[in-house]
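The values are calculated or read from the model by the stated rules, or taken from the named source; none is laboratory data. Computed from a predicted structure; not experimentally measured. Cβ placement follows ideal geometry from the backbone for every residue including glycine, while neighbour counts extend to all protein chains displayed. Only protein heavy atoms, including side chains, enter the accessible area calculation; ligands, DNA and RNA are left aside. Shrake-Rupley method; radii C 1.70, N 1.55, O 1.52, S 1.80 Å.
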Amino acid sequence: MNLLVSYDWLKEYVSLKEKPEEFAARISLSGPAVEKIIPQGEELRGIVVGKVVKLSPHPQADKLSLVSVDIGHKQPINLVCGGTNLYVGQVVAVALVGAMVRWHGQGDLIELKPAQIRGVKSEGMICAASEIALGEAFPHEEREILDLGKELGLANNPPLIRGAGGINPGTPLADALGLSGDVVMDVEVTSNRPDCMGMVGMAREAAAILKHPFKWKEPVLSVSKSKGKKAGVKVTIDAKKACSRYIGVRINGIKVGPSPWWMKRRLMSAGVRPINNLVDITNYVMLETGQPMHVFDVAKLKGSEIRVRFARANEKMMALDGKTYQLDDKILVIADAERPVAIAGVMGGEETGATAKTTDIVLESACFDPVVVRKGSRKINLQSDSQLRFEKGLSQLSPPSAMARAIKLVLELAGGKVVGEPADVMPTAYKPVAYSVTTDEVNGLIGVEVKKTEMIDVLRRLGFKVSATGKHIKATVPWWRDHDVEMGRDLVEEIARVIGYAKIPSVVPIAVAPRQTDQVIQWEDRLKDSAKAAGYTEVYSWSFVSEDLLRKASYDPKNLLHVLNPLSSDWSVMRPSLIPGLLQAVADNQEREKCLRLFECSNIYVRNDGQTSGPWKDLPDEVPEMAIMVKDTEDDQPWRTAKGLLEHLFENFGISDVHWKRISRDNIWHPGRSAQAYKDNKLVATVGEIGPQMLETFKIKSRVGVIVINFREFISLAKVSKAYVPPMPYPEAKRDLAVVVDRNVEYGEIALSIRRADPRILDVQWFDTYEGKGVPDGKKSVAMHLTIGSPEKTLESSEVDGVLNNAILACQEKFKAEIRA
């Protein structure tokens with residue numbers, strides 16, 4: 001899972017002095033890997049804050065206004081604007097000449113240039129939010145421009161962002177919005193580290209690795225000590241093994257509205273669209289702490305109670321995505337007194353979600369079994385950010401602090417009052433786990449000498465409670481790592497990664513023999529190298545394909561291997577061939593390149609023929625295959641190019657005396673321009689062109705040459721070693737031979753018979769096939785160059801003629817051939 005991390009936001013939780021690039025390099029060596037750094041505010045370059053000082057009607061257009069705007073210059077600039085909500089004193093976003101905007105929020109970005117609008121010169125543009133990539137933050141009606149004063153509360157020129165000074169006309173909008181200088185890091189978080197799927201977890205990790213102060217103070221969920229005070233909502237957990245904790249808090253008298261800019265900015269930096277203050281708070285807390293939250297509208301709950309149970313037969317629920325899902329007794333749900341109101345850990349229900357009219361809410365913070373969440377999500381094919389976190393395994397101690405944080409934000413941004421006590425139901429008490437390891441084990445496994453004090457320091461920085469006696473170190477696992485650290489050796493890994501794997505010298509172990517590489521993999525590498533050397537580009541595609549793609553390629557999906565619970569309909573069938581995927585790659589890229597030379601070497605999947613036994617008997621047969629495609633708009637016979645590459649591979653790997661057969665009929669291959677290569681009655685490869693009907697189906701505009709290599713047969717015949725053959729010491733003779741044979745006789749059979757007719761025939765090369773005048777109906781003339789020679793002497797003319805006669809006799813005996821003058 002990848003997390004988008006604002007560096008400016010991260011600094012709220014940990015003291016950082018490093019530049020983002022330095023931070024990314026150091027963290028990636030010991031913790032989550034930073035894959036990309038994205039500067040913020042780049043799309044707002046050339047856009048400044050302006051103040052409307054004068055408005056007047058456009059002399060030639062009723063819907064346009066002439067606007068004088070102060071942007072910090074000596075004189076205001078004059079603009080033409082069609083905004084319906086303009087007024088004097090309004091604070092607006094002004095795009096100057098050269099800025100990039102999206103006209104009316106649609107289409108591609110365009111560079112703004114000076115313009116004459118109905119006869120009046122305009123020196124820039126007053127922007128709507130959707131025209132400058134802020135439409136999600138500030139939704140608006142058509143023709144409404146971005147009113148910074150209204151949206152951001154700029155009365156009397158207060159700061160736009162917390163801790164900032166006031167702004168002046170001419171201030172770059174990116175500076176005013178607090179975006180300049182910030183970057184967003186695209187961070188890969190491995191599935192065993194759900195604690196890093198929030199800003200606090202990332203900050204905790206950074207503090208431990210970089211030895212910087214960790215500033216986050218964990219909020220505490222306050223509970224009254226007085227006895228008899230009732231909870232604001234009734235919570236019952238029926239599925240006790242599937243839900244280890246559920247906290248519900250009721251807040252009455254809230255007001256739903258837009259979130260402040262500082263929250264919208266944080267959400268957008270993480271790739272989340274702002275909706276309203278309640279929904280935004282739950283998303284914000286999830287992004288901050290890694291703990292998913294949900295909010296229910298109390299007025300829509302039946303019986304004002306929450307029950308955690310498995311769904312019943314034939315129950316249905318409409319989720320927040322607007323789709324109705326059929327549930328069963330394997331799917332964990334949150335229910336009220338009558339029906340499911342949320343799919344636990346996955347998504348809430350549409351009917352009980354908060355709306356603009358909501359006044360009373362119940363906040364949810366819970367801990368669900370990761371396996372139950374994952375199976376339920378896959379069963380109904382529904383994914384969400386919450387589900388991605390729950391299925392990795394969250395701690396039983398995570399919900400309280402997240403709930404406390406959410407309550408604080410709701411009271412601050414939406415008002416209201418907490419009703420009663422928090423309902424905190426926990427079927428089993430939390431038991432922290434501890435593991436031990438010796439200093440000798442640590443040093444032995446890492447391979448370098450680490451001081452005991454350094455081991456203890458690393459573990460404590462990571463949040464472990466450590467005690468040491470002699471060489472023994474005992475560490476209690478912090479709650480946020482209780483699904484990750486599972487044994488003493490995990491403590492060794494923690495010490496090693498924080499110290500830095502890069503500091504551990506690379507030493508080849510003594511007396512460890514390298515494992516021999518699998519033969520198929522070796523041959524894959526050889527064939528890939530040969531294809532790359534010939535100018536072909538390797539393609540990697542999914543092993544799963546869609547039924548639609550297979551139908552386009554003339555396959556019947558009913559007879560193929562289906563995935564029982566696919567992530568998507570695009571990945572529902574295991575591919576039976578590499579051709580469909582390569583054809584789609586050609587179709588998708590034909591506009592980018594005139595000449596496409598692609599290949600893929602991977603497994604295809606066919607039904608087990610019953611010969612496999614044991615635990616693998618029900619698994620499909622994974623068949624290695626190599627497919628190569630050639631498409632060149634300037635080449636009208638790409639099958640020749642493909643055949644040339646195949647013959648090169650045969651020659652390079654010592655496969656000779658190949659017998660060719662034409663493909664008579666096939667849905668994929670062109671019937672007149674395709675052939676199969678056999679050796680010892682084994683089908684080694686197929687080469688030719690894709691049929692015109694198939695090209696039309698994939699909307700490919702020119703001919704496509706194809707090779708499909710049957711990998712197992714190829715490597716059973718191929719050789720790596722080569723035998724030296726000295727050049728012929730005596731001159732060779734050249735003769736041409738044209739024979740008339742039946743139309744169905746293949747050239748490969750003729751050439752093979754000629755080679756076997758006399759050992760002094762060194763080579764046979766085709767140069768012409770003719771049908772027409774002078775050749776009987778049903779016949780064809782095949783012309784060849786023959787190379788004749790001997791390693792013992794120079795052949796006399798009569799001897800060469802004798803060899804040629806042997807070739808003619810062989811053709812006459814096998815094919816009843818006639819010699820054509």
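Trypsin sites (Lys or Arg not before Pro), restricted to segment 251-308: which are DSSP loop and have at most 13 other Cβ atoms within 10 Å?
The qualifying sites are 255.
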Dividing the mean separation of Cα pairs under 8 Å (6+ apart) by the residue count of segment 434-503 yields a relative contact order in percent of 40 percent
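Taking the Cβ of residue 729 as the center, what net charge do the other residues with Cβ under 13 Å away carry, scoring Lys and Arg +1 and Asp and Glu -1?
Taking every other residue near residue 729 into account, the sum is -1.
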With N residues in segment 519-717, Rg(alpha-carbon) / (2.2 N^0.38 Å) equals 1.02
Applying the gyration tensor rule to the Cα atoms of segment 604-743 (axes a ≥ b ≥ c; rounded if a/c under 1.5, else prolate if a/b exceeds b/c, else oblate), the class is oblate
Listed by chain and number, the aspartates and glutamates with an alpha carbon less than 17 angstrom from that of residue 74, same-chain partners under 8 positions apart left out, are 123
Over 32 Å (Cα to Cα) among 230/375; 36/474; 552/643; 773/814 -> 230/375; 36/474
Along segment 406-423, Karplus-curve 3J(HN,Hα) (6.51, -1.76, 1.60; θ = phi - 60°) to the nearest Hz, with x for Gly and Pro, reads 5, 4, 4, 5, 5, 5, 6, 9, 10, x, x, 9, 5, 9, x, 8, x, 8
Between the alpha carbon centres of segment 427-480 and segment 696-727 the gap in Å comes to 56 Å
Here D for segment 733-819, in µm²/s, from Stokes-Einstein with a Kirkwood Rh over Cα pairs at 4 °C and 1.567 mPa s, works out to 98 µm²/s
Expressed in Å to one decimal, the Kirkwood Rh of segment 434-503 from all distinct alpha-carbon pairs is 11.9 Å
For the chain, the dipole about the Cα centre with charges only on Cβ (Lys and Arg +1, Asp and Glu -1), to the nearest 20 debye, works out at 2640 debye
Residues other than residue 591 with Cβ under 15 Å of its Cβ, Lys/Arg counted +1 and Asp/Glu -1, net out at +2
For residue 11, counting only lysines whose alpha-carbon sits under 16 Å away and dropping same-chain residues fewer than eight positions off, the answer is 19, 211, 215, 217
With 0.36 nm assigned to each residue of separation and the Cα-Cα distance removed, residue 647 to residue 144 gains 174.4 nm
Shape descriptors of segment 234-425 over alpha-carbon atoms, Rg and Dmax in angstrom, are 15.3, 45
Cα-based Rg and Dmax for segment 89-129, in Å, come out at 10.8, 31
Violations at 21 Å Cα threshold for listed pairs 255/323; 631/699; 528/558; 302/392 -> 255/323; 528/558; 302/392
For the chain, whose charge dipole is built from +1 on Lys and Arg Cβ atoms and -1 on Asp and Glu Cβ atoms, the candidate among 550, 727, 508 with its Cα farthest towards the positive end is 508
From the Cα centre of segment 251-277 to that of segment 518-540, the distance in Å is 52 Å
Pairs over 30 Å Cα to Cα, from 316/357; 264/379; 234/408, come to 264/379
Against the 2.2 N^0.38 Å rule of thumb, the C-alpha Rg of the chain sits at a ratio of 1.31
Any aspartates and glutamates whose Cα falls less than 14 Å from that of residue 63, other than same-chain ones fewer than 8 residues away, would be 142, 144
Net charge near residue 472 (other residues with Cβ under 14 Å of its Cβ; Lys, Arg +1; Asp, Glu -1) is +1
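Mind checking the per residue accessible area of segment 733-819 for me, 1.4 Å probe, whole number of Å²?
I get 56 Å² per residue for segment 733-819.
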